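A short write-up of the structure that comes next.
Laboratory data are not the source of any read-out in this text; all were calculated from the coordinates shown. Quick caveat: nothing in here was measured; it's all calculated off a predicted structure. A quick note on method: Cβ atoms are made from the backbone with ideal geometry, for glycine too, and the neighbour counts reach across all protein chains shown.
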């Protein structure tokens, strides 16, 4: 929670300093809150609903896999305790029986570890797929918002527009872009 306040304070400080300098030079600065804009757009709500449905489907699948893993782990524990009692009671007498029992336990344990590893990989894959799908679905919406911001900035003769939500520059007047001057200086 502290990092949010630190980021907000830093953003406000930088924006204030920028505004003071910009005001002295006649530069107009504006900001938007992209989170508010996204929450208000109907197409954004549709995307969020689709992502929630997809997320629920994945969560249900993960929970089913976790349930199977838990059941298998409990079965392993019961079988292990049974094997221990067999050894302690002397039911396992020969070295070959003990070796066979050890191999069975190792095979069961290895199977559980493989299930757990596969579940971890699946969770990570799902997380990556959700992020990718979110980016795909929001891309046209973000482009629409950016074009609208650029249009409003030009109408109002605003030179720079920042996003209050994350402090990024959304629009900058090309007149103030010094990228190539910096490159020339570096050469």
### Message
Ranking request for peptides 115-121, 29-35: highest mean number of other beta-carbon atoms within 10 Å first, then the rest in descending order.
### Response
29-35, 115-121
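When the chain is fully extended, how far beyond the present Cα-Cα distance does residue 184 get from residue 152, taking 0.36 nm per residue of separation? Can you show the working numbers first?
On the way: separation 32, 0.36 × 32 = 11.52 nm, distance 3.23 nm.
Once the chain is fully extended between residue 184 and residue 152, it gains 8.3 nm.
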### Summary
Taking Cα atoms, the helix 95-155 axis meets the longest principal axis of the chain at an angle in degrees (rounded to 10) of 10
### Query
If you work out P(r) over Cα pairs in 10 Å bins from 0, in percent from the coordinates, which of (i) 7, 19, 19, 16, 12, 10, 8, 6, 2, 0; (ii) 10, 32, 22, 9, 7, 7, 7, 4, 1, 0; (iii) 9, 37, 36, 15, 3 do you get?
(i)
